[in-house]
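The structure appears below as structure tokens.
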Amino acid sequence: MKQREFQEFYESSRDACLRAVVAGVGDRQLAEDLVAEAFTRAWVAWHSVRRHPAPSAWIVRTALNTRVSWWRRRRREVALDDGHDVAAAGGDPDLDPALLTALRRLPQRQREVIVYRVFLDLDTQTTAKVLGIAPGTVTAHLSRAVTTLRAHLITVDTPEAGS
């Protein structure tokens, strides 16, 4: 029973979790490693993970926390600067490289809110619970993130003067 239930969860949520983690870290290979580690931890603790209000959010949070733990152990991190080509670094082919670059420019909390609200399609209440913040804070971060992303991703064609 446990194995079949976990397998169904894995098959139904792996791709969404992977996309969310890719959006969070900007590197597909790293995201695959992190998601694999998170699913391994979920299997070990499946009796409690399955009762979580959003098990896929548990996977993403565990994956992102694992990245921090790995970084702390290694005491080094390669920062993505504004000119970094996310697609060349192994970005997800299902995600627009310009979107990944813009996401990497967001503050961490805004990026996390986008990951949970947009990529995992969680509601505000669940996102707030997973992140340990107030629902109003989720809404504020989402609003700021969307405004910033719009500014980076949408270009407005302006008519030339005298036309």
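On the beta carbon distance between Ala36 and Arg105, with R0 = 30 Å, the FRET formula returns roughly 0.65. Each of the peptides 104-110, 57-63 was scored by the mean count of other Cβ atoms within 10 Å over its residues; in descending order, highest first, they stand as 57-63, 104-110. Summary of packing: across the peptides 133-146, 43-56, the per-residue average of other C-beta atoms within 10 Å ranks them, highest first, as 133-146, 43-56. The charge dipole of the stretch 99-143, taken about its Cα centre with unit charges on the Cβ atoms of Lys, Arg (+1), Asp and Glu (-1) only, comes to about 200 debye.
Values quoted throughout were computed directly from the atomic coordinates according to the rules given, and no laboratory measurement underlies them. In this text the structure is predicted, and so the values were computed from the model without any measurement. Here the Cβ is made from the backbone with ideal geometry for all residues, glycine too, and neighbour counts use every protein chain on show.
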